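Have a look at the structure below before the remarks.
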Amino acid sequence: MKSFILETVSKVVLFVILIFSFYLLLRGHNAPGGGFIAGLMTSATFILLYLALGPGARKQILPLNFRAFIPVGLLISALTGLVPLAGGKPFLTSAFGYADLPVFGEIEWATAMLFDFGVYLVVVGVTMSIISVLGEE
Amino acid sequence: MLFALVLAPFVLAALVPVVRKVAGPRIGLYTLPLPILLFVYLLSKTAEISQGKVIESAWEWVPSLGLSFALRLDGWSLLFTLLVTGIGSLVLLYSHFYLGPDEDLTKFYLYLLSFMGSMLGVVLSANLLLTYVFWELTSFTSFLLIGFWSFREQSRYGAQKALLITAFGGFVMLAGFALIYLVTGSLNIETVLANKGKILSSPYYPYILLLILVGAFTKSAQVPFHIWLPNAMEAPTPISAFLHSATMVKAGLYLVGRLLPILGGTELWFHTVTLVGAATMVTGALLAVKQDDLKALLAYSTISQLGLIMLLFGIGTPFSTAAAVFHLFNHAAFKGALFMVVGIIDHETGTRDINLLGGLAKKMPLSAVITGLTAFSMAGVPPLAGFLSKELFYEATLETGTMGLVSASLPWIAVGASVFTFIYSALLVLFVFFGKQRGETPKHPHEAPGLMLVGPGLLAAITVIVGLWPDLFGGSLINPAVTTITGKAYDVHYHLWHGITTPLLMSSITVALGALGYTLVGRIRAWFKSVRARVTPNYFYDQGLRLMIAGSRKLTSRYMTGLLRDYIVYILATLVTLVGYTYLIKAGGARTLQLARINPYELIMTGLLVAAALIVIRTHSRMVGVLALGVVGFLVSTLWVVFRAPDLALTQLIVETIGLILFLLVFQYLPSLSRSTEPPGKKAVNLAISAAVGILMAVLTITALGTRLYEPISAFYVDNSLKLGGGRNIVNVILVDFRGLDTMGEITVLGVAAMGVFALIKLKGKNMQ
Amino acid sequence: MLLPTVTNLALFTITISMALCLWRLIVGPSFPDRVAASDTISTNIVALLIVLSIKFTTQDYFDAVLVIAILGFLSSVALAKFLIGGSVFDRD
Amino acid sequence: MTGISLSELLTSFFILFGLFFVLTGSIGLIRFPDVYTRLHAPTKSATLGVFGILIASIIHQASHGFLGIKEILTTVFLFLTAPVGAHMIARAAYLTGVQPAQQSTTCEFFYILRQKEEDKQDADQNL
């Protein structure tokens, strides 16, 4: 029972939410947001995709293996932890600074954001692998 | 260097699977060099050690527990390490021939080598806790080895029995060590030895002694706990030769020897150890005579010999310790050889039943010679080593001196037991190898391959050499061991002939009575077999185990009803009672509850919230329930927003929605929600408990917020989150930066949970088809 | 002076309308009614939050607003899909 | 009432404008006879109601110097999704056979749908 209205609208809305969730992720450090919320938002987007187009279509548009997201995310977070360890500092010490990019002007980068990105990947991986398994069963 | 000695076997054990691919069936020979190497290294050290030098090395393993990986090579441990590595290499060579290529050799050698490592650990460890660790390792590896042929029910039973009893003993011993730590404040054997006065005078002394002795008695198969050794004979013969005659069962004796200077010397020590030793010696000898299976006969004979050595340690005089060490050395040699020969007989003739065997000497001359030498050495026939240790044994029993009735009766018990020892040794030799062929043996007997006889041959040679020139080993091996135990220098020369003395008289009586006994052996065996004792330790063990299992099953089935509801009720009920009790009684009820001002707006919101929650409970259809739950979530998140916690609100919202979708997905599989038809009684219980938990939580949170015990750490985060973390969103900075490790943990848990769900669903899918 | 009274009035009326939707949620004869009710509740919450952000003149609420809007839409679509074919992700 | 700046006036006007629709939407949800009619009301409140309040917030924030892109994004999003949401619900109701109330006109599409279903059942039978 495909509904064309849903399909067309969701294609548009999809990008709105996706951009919004990345936005949430990147500014997590200074304002409400962060890995968990952004991860959930992105999974919400993929769910919408599932709802509208069905899991089959999802594979053509987004050939991502969500189960791989989990180890990759964990690896990134672990690395952000291990790198300072290698440098002699205690595990997971984070560095941060301010850099000004040409377009965006002065922005603040922090290694904690990398860690957050790892968390983001894990959360997306977890939610989506559960849902895809349930959905496609 | 000692670390290498202990850890090398473990490392090689780990490599066995790899080596197996290269070596194929000849893996036994590939693993042989290691024990030989260790043996040679130890031999090179004997010169220094016999001068009293001690090699030590320590490494702080768990300082907080006082557990340091401290190893110590002195006279007493040197003897044992030589035994372990020496007999170990012979056993490895022997098992190469004994086990066919189709056996699971990887598993066999892996277990065997790890046993060797743990046995070396036991005898070298200078820290009591470390001894315990290796002690349990030996029990564990022996469990694996006994149960090697796991397809046979008997070996599984034997392995379990051995593990249960020896591990039980280990635990009891650990309690003893704990008490020692309590009294002396240290677990290192040296320091414990230093303030041994404290232990002897402390009220805990009897408990320490008895607890540790139980550990030693279970391991060395003394009387009440001896029942596991005969069942352990289910293991392949090389294992019986190695573990259950030469090394593992002697760990108990090693421990008794090691702790003799600390705990020994008192009357309690004398009575317990000597009596138990004597009782074991006698029962072992008596039971050995009536056995039909050769290995069982040897097993009971080992129990009897161990009892003999334990008895000597019980007497505790330097002379008796020397006798004990000497006999320990001899026993390891001849019993190892006997086991291997029995293995050869089993291998060649296909049976170990004494009634079927007979007249094998013609077909297996070499084995006959080896068995003759070793069995008669055990019987105490001059000029073999056994005779000398029997002499020392008699002399030690004679001069126990002051201990009244017990010391008077010791010599007679000794002679009595030795008579029976003579009978079953004669059985082993004459009955099996000479006389006429009794029954049909499944396989036609012929001599074992040459190399297979090297092990037993070498050991037999040792018994002969030690018999003729005892002093050869006396100076370098026996005396240093005795000096370490007694603490005083012990330098005695051993020689075969002591002149006409009472021990010689006792020996000749034993031989005479033994020979006489052998002539009537048929009638004695029949008579012994007819004695059917009903209440034996075996009976206790089997019944005890059965009752324990049945009892625990009955108990758990009463409260483990299988209903999720009951478990939740248990958990919550305990929560409420415990926390409620401490709160109301201990903390004296509610503190001053400073309640913040509640503006009307929040009241409406919470009102709506409660209404939606009620819908969830009252509804019949699952859908409405889920939907109402969603509404509850949404309202809670609005409260978050109102109280200016946007992060929480966001997360709550999204989780609500995705939760809703997950619910929908799952509904396709769930059966329709049947009205919960619980009896009113149970519903009342549910209501009561949920109400109690609700109130409890509310009260707790209010008081918690009300009281200010410690300076809240939020202040730290508020001012540092920008400076250190570089972010204004404190919650996120904490989550990702300050408490990064927790988040790391959380996401790992998330990952694992996802894998779990995935596996569950995939597996369900698979067996559904 | 005018704005605070208006915002308070707005808060009050939105809560009233939410209560009405909740009533529809409880009564709602057929199930789609209930889904519609829950959809309207989420819209009301969105309106509520915007009014609050005007009242407190803060920028923080807009994320929550956007998120609620998205999720409201998502849940109603999911519920609707569930109603139709029983399988939320119908395999094509 | 003195000293009311223009922005305050406009904001409160738009709030009231939006409020009117939100309220009527909810009342509509209660008063209308059956599902299909009931779905019309809340979508209006979603679009126009929230729209009004959003415009008010944009003006209000603008007067305080914040340029709220997110408000515009939300409005666009709401405009897009509210009707689709309602459409899906109506479709769900329709397919699960919720009967329209008597007052609403008879609906030919209903019969076509019935026909399609009957043929499908016959096809299944003789398969």
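Rule-based calculations on the coordinates, nothing more; no lab input. Predicted model, so just to flag it, every value in this text is computed and none were measured. Because the Cβ atoms are built from the backbone with ideal geometry, glycine has one as well, and the counts that use them run over all protein chains shown.
Residue by residue along B:539-551, Cβ atoms of other protein chains within 10 Å of the local Cβ number 0 on average. Here, P(r) means the percent of Cα pairs in each 20 Å bin from 0 to the largest distance; for chain B it is 13, 37, 23, 19, 8, 0.
Expressed as an acute angle from 0 to 90° and rounded to the nearest 10, what is the orientation of the C-alpha long axis of helix B:75-98 relative to the principal long axis of chain B? Its long axis makes an angle of about 90 degrees. Given +1 at the Cβ of Lys and Arg, -1 at the Cβ of Asp and Glu and no other charges, the dipole of chain B around its Cα centre is 2020 debye to the nearest 20.
So which of B:LYS362/B:LYS443; B:LYS107/B:LYS335; B:LYS198/B:LYS219 end up more than 20 Å apart, counting from Cα to Cα? Checking Cα-Cα distances, B:LYS107/B:LYS335; B:LYS198/B:LYS219 exceed 20 Å. Packing order of peptides B:364-373, B:93-102, B:422-431, highest average first: B:422-431, B:364-373, B:93-102 (average count of other Cβ atoms within 10 Å over each peptide's residues).
For peptide B:755-764, compute the average count of partner chain beta-carbon atoms within 10 Å of each residue's beta-carbon.
On the way: counts 5, 1, 6, 9, 1, 1, 5, 2, 0, 1.
What the average comes to for B:755-764 is 3.
Taking amide H as placed 1.01 Å from N in the peptide plane, the amide H of B:ILE55 sits under 5 Å from that of B:LEU73, each at least 5 places away or on another chain.
For B:ALA47 and B:SER409, a Förster radius of 60 Å and the Cβ-Cβ distance give a FRET efficiency of 0.90, rounded to the nearest 0.05. Each Cα pair under 8 Å and six or more residues apart adds its separation to the average, and for segment B:599-675 the resulting relative contact order is 28 percent.
Counting only Cβ charges, +1 for Lys and Arg and -1 for Asp and Glu, the dipole size of the protein assembly as shown around its Cα centre is about 2040 debye. For segment C:2-85, with the dipole built from +1 on Lys and Arg beta-carbon atoms and -1 on Asp and Glu ones, taken about the Cα centre, which of C:ASN8, C:LEU22, C:PHE62 lies farthest toward the positive end? Of the options given, the answer is C:LEU22.
Dipole of segment C:2-85, Cα-centred, from +1 at each Lys and Arg C-beta and -1 at each Asp and Glu C-beta, to the nearest 20 debye? Please report the intermediate quantities before stating the final value.
Values: 4 positive and 4 negative charges, 33 e Å.
The dipole magnitude comes to about 160 debye.
Here the label points at A:THR8 and B:LEU468, each 7 Å from Cα along the C-beta direction, are separated by 11.1 nm in the simple model.
Listed by chain and number, the aspartates and glutamates whose alpha-carbon sits under 18 Å from that of B:LYS290, ignoring those within fewer than 8 places in the same chain, are B:ASP353.
The alpha-carbon of B:LYS488 sits under 20 angstrom from the alpha-carbons of these lysines, leaving out residues fewer than 8 places away in its chain: B:LYS53, B:LYS196. Legend: Rg and Dmax of segment B:1-264, from Cα coordinates, 18.4, 59 Å. The protection proxy used here, the mean number of other Cβ atoms lying within 10 Å of each residue, ranks peptides B:52-65, C:69-82, B:70-83, B:131-144 as follows, highest first: C:69-82, B:70-83, B:131-144, B:52-65.
Provide the packing ranking of B:259-268, B:633-642, i.e. peptides ordered by the mean count of other C-beta atoms within 10 Å per residue, highest first.
Working: B:259-268: 18.3, B:633-642: 21.3.
The packing order, highest mean first, is B:633-642, B:259-268.
Look at the Cα gyration tensor of segment D:6-125: its axes a ≥ b ≥ c give a/c of at least 1.5 with a/b over b/c, and that counts as prolate.
Helix-only estimate, please: 222 nm mean residue ellipticity of chain B, summing -39500 (n - 2.57) across DSSP H runs of length 4 or more and dividing by its residues, to the nearest 500. Present the calculation step by step, with values, prior to reporting the outcome.
Working: 32 runs with 539 residues, N = 769.
Dividing the helical sum by the residues of chain B leaves -23500 deg cm²/dmol.
Over segment B:599-675, all Cα pairs binned in 5 Å intervals from 0 give whole-percent P(r) values of 3, 16, 21, 21, 18, 10, 6, 3, 1, listed from short to long.
How big is the shadow of the Cα convex hull of the protein assembly as shown, averaged over all directions, in nm²?
Values: hull surface 251.2 nm².
Approximately 62.8 nm², given one-decimal rounding.
Rounded to two decimals, the Cα-based Rg/Rh of segment C:2-85, with Kirkwood Rh, is 1.06. Among B:GLY358, B:TYR394, B:LEU405, whose Cα projects farthest towards the positive end of the dipole of segment B:287-414, with charges put on the beta-carbon of Lys, Arg (+1) and Asp, Glu (-1)? The Cα lying farthest towards the positive end belongs to B:GLY358.
Using only atoms on other chains, find how many Cβ atoms lie within 10 Å of each Cβ of peptide A:39-45 and report the average.
Working: counts 3, 9, 8, 0, 3, 11, 2.
That works out to 5 on average.
Sequence neighbours fewer than 8 away in the same chain don't count; with that in mind, list the lysines whose C-alpha is under 27 Å from D:LYS120. Leaving aside lysines fewer than 8 places away in the same chain, those within reach of D:LYS120 are A:LYS2, C:LYS81.
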